[in-house]
Amino acid sequence: MNTTAHEVLGFVQENDIKFVRLGFCDILGQQKNISIMADELPFAFAYGVSFDAHAIKGFRDVTRSDLLLFPDPATLTVLPWRPGPGRVARFYCDIKNPDGSAFSHDGRILLKRAIEQVESKGYLCKIGSECEFYLFRTDENGEVTNATLDRGGYLDISPLDRGEDMRREICLTLEEMGLRPKTSHHEQGPGQNEIVFASNDPLTCADNLQTFKSVVRAIAMRNGLFASFMPKPLPNTAGSGLHINLSLAQNGTNIFQDIGEGRSKVAESFIAGVLDKAREMTLFLNPLANSYDRFGEFEAPRYVSWSHHNRSQLLRIPAAIEEKSRMELRSPDPATNPYLAFALVIAAGLRGIEQDMTLPAACDHDLYTADAGIVDKLDVLPESLDEAIACTEGSAFVAQIVGEELLANYLALKKTEATEFKATGNKTVFYQERYFGVV
């Protein structure tokens, strides 16, 4: 990987790159980009590329509308589906104010700060993601239909699974771009798929997740399909999750080994911190009205609890050994802004360590069938967008991590969405018009 501007400029010249995409995302996680000609790249590295921040949701008002994109040299990748002559490269960018200071709403900056905090305590954090998505057919005009690619189920093979060639193409493309997919398979829902990534530092993981979604969409389109990352695109079928696998190392040793057995107090306190702030973070981890249709069925959590191996829990410790030991947070969905999501989860866990929190007893029950005597003792995740807003609005913790101005802007957008959702007479129509074919 080329990591300096000088090396990048040499690579661009030697590899017939003519177009450069400067990528970033808004506070909701929606990907954006500006394309520049390759000969403008030296100027971009030195002075940034201006854009209208007022036109980006949640960024700025019209009186302070200038912001600058500075490409991160370490994120250079060539887009394999845009071959030469005149190849296309892409960078992810840091966003800065005209005076050169960091823009307070830039998720990459906020995640970098969270990483710096955890590393200042002597820990190395790694995150791996498991992202689910649906493949839908398109009509003769290229418009998305409600027909899924297939009727397959969990781990099915051809002919029930018609997505295996697509997943193969996606994984090969990702490898060509320097990403490391580990496994891929058909998921529970018809036309639903999952690709799992190797763990990496949190910033790289978030960048890779954005790249992954772009690749999936591009390859789906090339095959006459539409890839949906909507949390619950179809009623009565499995929703799509974005499971976050997180581990911490100290002095080269993964401290997530032996969780719950009293031999990993720091990791247990980290998990306790995540559980403690789970309800307050949910609005950022599950940002759509549609997100809340997913909870409580098809292995999506409903309660704030943890256990080993158990997929009915919010947080589980998978069966793994040594360096593969980790926690898996199962509530987030693919509509999240990964930079903000990862920053909040890391900060919540670090708070648990700093306050020496005690991990509650594991809940070793199937929470989809457990009786009231068990589940009534557990906190419940927010059950609607309105409830999630209420949980986040009074959170000093969330305000501290994302900043009061970003939080206010985010809440304003989500309150408008919640009001419009409540006003609709038919939530299916709302989902179709607001999310389907977009998310």
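Per-structure values
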| quantity | calculated |
| --- | --- |
| Exclusive hit being out of contact with any helix residue (DSSP H, G or I) (no Cβ under 9 Å at 6 or more places or on another chain) and open to solvent by 10 Å² or more (accessible area, probe 1.4 Å), set A320, A335, A347 | A320 |
| Selected residue [closer than 19 Å to F295 by Cα, part of a helix (DSSP H, G or I) and either modelled with pLDDT of 95 or more or over 21 Å from the mean Cα position of the chain (by Cα) (or both)] from A370, A412, A418 | A418 |
| Hits in the stretch 38-68 (condition: open to solvent by 40 Å² or more (accessible area, probe 1.4 Å), in a helix (DSSP H, G or I) and small (G, A, S)) | A46, A55 |
| Residue in the stretch 145-154 that is touching a residue at least 12 places away in the same chain (Cβ under 8 Å), under 27 Å from L22 (Cα atoms) and surrounded by 19 or more Cβ atoms within 10 Å (Cβ to Cβ) present | no |
| So L110, is it in a helix (DSSP H, G or I) and within 21 Å of L242 (Cα to Cα) | yes |
| Residues satisfying the stated conditions in the stretch 356-380, i.e. in contact (Cβ under 8 Å) with a residue 24 or more places away in the chain and under 19 Å from V274 (Cα atoms) | D356, M357, T358, L359, P360, A362, C363, D364, L378, D379, V380 |
| Selection count, the stretch 381-399, where residues are loosely packed, with under 15 Cβ neighbours inside 10 Å and in contact (Cβ under 8 Å) with a residue 24 or more places away in the chain | 1 |
| Filter result (more than 21 Å from L329 (Cβ to Cβ) and in a strand (DSSP E or B)) within the stretch 118-163 | Y134, L135, F136, R137, T138, V144, T145, N146, A147, T148 |
| Residue match in the stretch 422-434 (condition: open to solvent by 20 Å² or more (accessible area, probe 1.4 Å), touching a residue at least 40 places away in the same chain (Cβ under 8 Å) and not in a helix (DSSP H, G or I)) | no |
| Unmet criterion (only one of (1) in contact with a Phe, Trp or Tyr (Cβ under 6 Å, 6 or more places away or on another chain); (2) open to solvent by 20 Å² or more (accessible area, probe 1.4 Å)) for S129 | (2) |
| Cross-chain or 6+ apart pairs with Cβ under 7 Å, the stretch 9-21 first and surrounded by fewer than 19 Cβ atoms within 10 Å (Cβ to Cβ), then part of a helix (DSSP H, G or I) and not polar (S, T, N, Q) | L9/L41; L9/P42; K18/A38; F19/A38 |
| In the stretch 315-367, the residues that are part of a helix (DSSP H, G or I) and among the basic types (K, R) | K324, R351 |
| Filtered residues of the stretch 81-106 (kept if outside any strand (DSSP E or B), over 29 Å from N15 (Cβ atoms) and touching a strand residue (DSSP E or B) at 6+ places or on another chain (Cβ under 8 Å)) | N97, P98, F103, H105 |
| Strands (runs of 3 or more DSSP E) enclosed by the stretch 179-297 - at least 3 residues per element that are open to solvent by less than 10 Å² (accessible area, probe 1.4 Å) and not charged (D, E, K, R) | 192-197, 242-250 |
| Top-ranked residue in the stretch 22-35 [being within 13 Å of C93 (Cα to Cα) and in contact with a Leu (Cβ under 8 Å, 6 or more places away or on another chain); ranked as surrounded by the fewest Cβ atoms within 10 Å (Cβ to Cβ)] | S35 |
| Filter pass, E175 being more than 30 Å from E354 (Cβ to Cβ) and among the charged types (D, E, K, R) | yes |
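The values are calculated or read from the model by the stated rules, or taken from the named source; none is laboratory data. Predicted, not measured: the structure shown is a model, and the values here were computed from it. Ideal geometry is used to build each Cβ from the backbone, glycine not excepted, and the neighbour counts take in all protein chains shown. Surface accessibility is based on the protein's heavy atoms, side chains included, excluding ligands, DNA and RNA. Shrake-Rupley method; radii C 1.70, N 1.55, O 1.52, S 1.80 Å.
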